[in-house]
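Visitor: I'd like to ask some things about the structure below.
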Amino acid sequence: MVHVEILGGGNEVGRAAYLVVDNNKKFLLDYGVNFDEEDHPQFPLHVRPIELSGLAITHAHLDHIGAAPLLYITGKPRVFVTKPTLEIGKLLISDFLKLNAYYIDYSIEEFEVMASNAHFLEYGVEVENDGFKIIVTSAGHILGSAMIYLETPSGHRILYTGDVNTIQTWTLSRAELWPLKIDTLIIESTYGSTKHPPRHYTEKRLVDAIEEVTDSGGTVLIPAFSVGRSQEVMCLVQAELPHLDVYLDGMSREITNIYLRHKSFLRDPSLFEKAVQNTFFIRGWQDRRKAWKKPGVIISSAGMLKGGPSVYYLKKIANEPKNAVFLVSYQAPNSPGHIILERGIYEEFGLDEPIKARLEWFDLSSHAGKDGLISIIQRYKNTLKNIIIVHGEPDSASNLASMAVEFLGNDININVPLNGDKIELTS
Ligand SMILES: [Zn+2]
Ligand SMILES: [Zn+2]
């Protein structure tokens with residue numbers, strides 16, 4: 001009998017952690033963290049590392065990798081990852097430790113033990129470990145992101161999407177949905193009730209808006225997540241507005257260097273190289289003080305304006321109507337970025353002082369919308385017996401479940417589990 005235990009990621013976006021159990025053998029898919037309202041880390045349910053045949057990590061975001069080093073305090077399970085995932089993961093975990101050391105039981109040493117137990121995965125190449133077969137394919141989400149196909153020792157076939165994007169972007173090809181026979185699909189549902197506008201339409205709006213601002217002598221600040229979104233905007237500007245001055249600041253610079261080291265994971269390595277050549281990497285305060293004084297585009301973390309150099313630039317350019325702040329990342333409720341878009345104010349400036357720069361949001365999501373998620377379900381419908389919907393707020397997860405019932409009928413087990421649930425898999 002095979003079952004899946006939901007250790008995290010049940011009805012929540014974050015701390016993905018799914019334990020696949022086949023008789024006495026266990027394999028873990030992701031082990032991430034979430035954050036509570038005070039921004040303190042929340043960890044998934046416990047698993048004894050000694051019991052694991054191994055674990056596989058889909059990508060480097062903290063909500064998928066952030067708790068994994070905990071397993072190396074007392075154990076040494078084999079971890080299956082792509083190279084970019086481990087390298088980007090190290091940067092993000094170092095930063096996570098700096099900000100939250102008090103709340104985290106591991107240190108960078110445990111990460112290093114994990115790294116020394118890593119087996120590197122390449123897309124499409126099968127590996128075997130203690131009776132489990134693993135194949136990963138590109139998930140189209142961030143560099144090195146993977147969908148995991150796991151065949152258990154008794155032959156149950158599981159596909160776990162991790163975070164997935166079903167459209168092509170400037171940096172990555174869309175998720176590769178291999179023609180595999182799948183019994184169980186574990187699927188994310190971040191946007192299980194949202195349809196993104198067509199990407200080319202959003203990009204045209206953004207390009208036109210950047211051009212309007214820079215043509216009239218303004219500076220455009222684009223606060224962006226350092227992994228993925230910054231590089232995406234860099235490539236878009238290179239492709240559509242190559243004459244503009246572009247500056248990159250914050251952790252995005254180091255991440256961009258990792259992207260450069262793993263060009264084979266990129267959709268168009270030569271476009272990426274050109275974009276890097278034409279982008280000025282801000283190296284310190286001297287550069288920073290100059291960047292916003294002439295027309296151009298500044299791409300900087302943090303994506304929600306929670307700290308990072310993007311806050312410095314905001315303070316410098318916010319008071320001039322010729323400038324603009326274009327947000328391109330997800331803006332969590334109550335984040336400074338969300339408040340700016342809703343109310344046109346930045347709390348530190350004072351509540352009755354509206355920002356004069358142009359403010360706009362562009363949906364450049366790296367997650368599939370509901371139509372993309374359904375297309376994954378449909379791709380595997382002929383053999384599917386179980387669907388486990390995870391990594392979504394309750395509304396999104398249950399909406400995806402209803403759509404799945406609509407498309408596939410009631411012959412399939414469709415689960416929207418909570419943390420702690422155990423799901424017996426039909427085969
Ligand atoms: Zn992610
Ligand atoms: Zn995630």
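Visitor: Looking at R253, is it out of contact with any Phe, Trp or Tyr (no Cβ under 7 Å at 6 or more places or on another chain) and either of a type in the set (K, R) or crowded, with 18+ Cβ neighbours inside 10 Å (or both)?
Guide: Criteria not met by R253.
Visitor: Could I ask something else about it? Among the numbered criteria (1) at negative phi; (2) at pLDDT 95 or above; (3) away from ligand 1 (no atom under 16 Å from the Cβ); (4) open to solvent by 10 Å² or more (accessible area, probe 1.4 Å), which one does P179 miss?
Guide: Single failed check for P179: (2).
Visitor: Answer yes or no: is there a residue in the range 72-79 that is touching a residue at least 40 places away in the same chain (Cβ under 8 Å), within 16 Å of ligand 1 (Cβ to nearest atom) and not in a helix (DSSP H, G or I).
Guide: No, the range 72-79 has no match at all.
Residue-wise test of (1) under 24 Å from G228 (Cα atoms); (2) open to solvent by 20 Å² or more (accessible area, probe 1.4 Å); (3) basic (K, R).
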| residue | (1), (2), (3) |
| --- | --- |
| E342 | no, yes, no |
| L359 | yes, yes, no |
| H367 | yes, yes, no |
| I377 | no, no, no |
| I388 | no, no, no |
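Visitor: Which is open to solvent by 50 Å² or more (accessible area, probe 1.4 Å), within 16 Å of ligand 2 (Cβ to nearest atom) and at pLDDT 95 or above, of T161, T194?
Guide: T194
Visitor: Shifting gears a bit: Starting from the range 338-361, take each residue that is β-branched (V, I, T) and list its partners that are part of a helix (DSSP H, G or I) and open to solvent by less than 90 Å² (accessible area, probe 1.4 Å), counting only C-beta distances under 7 angstrom and pairs at least six apart or across chains.
Guide: I345/I339; I355/I340
Visitor: Also: Checking T58 against (1) part of a helix (DSSP H, G or I); (2) within 16 Å of ligand 1 (Cβ to nearest atom); (3) not acidic (D, E), only one condition comes out false. Which one?
Guide: Here T58 meets the rest and fails (1).
Visitor: Another one. Can you pull out the residues in the range 48-81 that are of a type in the set (V, I, T) and either open to solvent by 10 Å² or more (accessible area, probe 1.4 Å) or within 16 Å of ligand 2 (Cβ to nearest atom) (or both)?
Guide: Of everything in the range 48-81, those that are of a type in the set (V, I, T) and either open to solvent by 10 Å² or more (accessible area, probe 1.4 Å) or within 16 Å of ligand 2 (Cβ to nearest atom) (or both) turn out to be I50, I57, T58, I65, I73, T74, V81.
Visitor: Let me ask you something else. Please verify whether L351 is of a type outside the set (G, A, S) and surrounded by 20 or more Cβ atoms within 10 Å (Cβ to Cβ), treating the condition exactly as stated.
Guide: No; evaluated as a whole, the condition is false for this residue.
Visitor: Continuing with the same structure: State the number of residues belonging to the range 111-136 that are surrounded by fewer than 19 Cβ atoms within 10 Å (Cβ to Cβ) and in contact (Cβ under 8 Å) with a residue 12 or more places away in the chain.
Guide: 14
Visitor: Of everything in the range 5-28 that's within 16 Å of ligand 1 (Cβ to nearest atom) and farther than 19 Å from S398 by Cβ, which residue is most open to solvent (accessible area, probe 1.4 Å)?
Guide: R15
Visitor: Right, something else. Of the conditions (1) more than 16 Å from ligand 1 (Cβ to nearest atom); (2) at pLDDT 95 or above, V390 clears all except one; give me its number.
Guide: (1)
Visitor: I've got another one for you. I need the helices (runs of 4 or more DSSP H) fully contained in the range 234-315, keeping only those with at least 3 residues that are within 30 Å of Y123 (Cα to Cα) and not small (G, A, S).
Guide: By residue number, 252-261, 269-277.
Visitor: If you don't mind, another one. Which ones in the range 7-48 are of a type outside the set (A, V, I, L, M) and not in a loop (DSSP other than H, G, I, E, B)?
Guide: G8, Y18, D22, K25, K26, F27, N34, F35, P41, Q42
Visitor: Could you check the range 81-165 for strands (runs of 3 or more DSSP E) lying wholly inside it with 2 or more residues that are of a type outside the set (D, E, K, R) and closer than 17 Å to D63 by Cα?
Guide: Once the strands (runs of 3 or more DSSP E) in the range 81-165 are filtered for at least 2 residues that are of a type outside the set (D, E, K, R) and closer than 17 Å to D63 by Cα, what remains is 146-151.
Visitor: Let me ask something additional. Find the residue count for the range 379-412, including only residues that are assigned to a loop (DSSP other than H, G, I, E, B) and within 16 Å of ligand 2 (Cβ to nearest atom).
Guide: Residues that pass the stated criteria total 3.
Yes or no, residue by residue, for (1) within 16 Å of ligand 1 (Cβ to nearest atom); (2) in contact with a Gly (Cβ under 8 Å, 6 or more places away or on another chain); (3) more than 18 Å from F80 (Cα to Cα); (4) not β-branched (V, I, T):
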{"position": "S138", "(1), (2), (3), (4)": "yes, no, no, yes"}
{"position": "I158", "(1), (2), (3), (4)": "no, no, no, no"}
{"position": "L172", "(1), (2), (3), (4)": "yes, yes, yes, yes"}
{"position": "I187", "(1), (2), (3), (4)": "yes, no, yes, no"}
{"position": "P198", "(1), (2), (3), (4)": "no, no, yes, yes"}
{"position": "E212", "(1), (2), (3), (4)": "no, no, yes, yes"}
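The values are calculated or read from the model by the stated rules, or taken from the named source; none is laboratory data. Keep in mind that what you see is a predicted model, and the values were worked out from it rather than measured. Here Cβ is always computed from backbone atoms with ideal geometry, including for glycine, and neighbour counts include all displayed protein chains. Areas reflect the complete protein model, heavy atoms only, side chains present, ligands, DNA and RNA absent. Shrake-Rupley method; radii C 1.70, N 1.55, O 1.52, S 1.80 Å.
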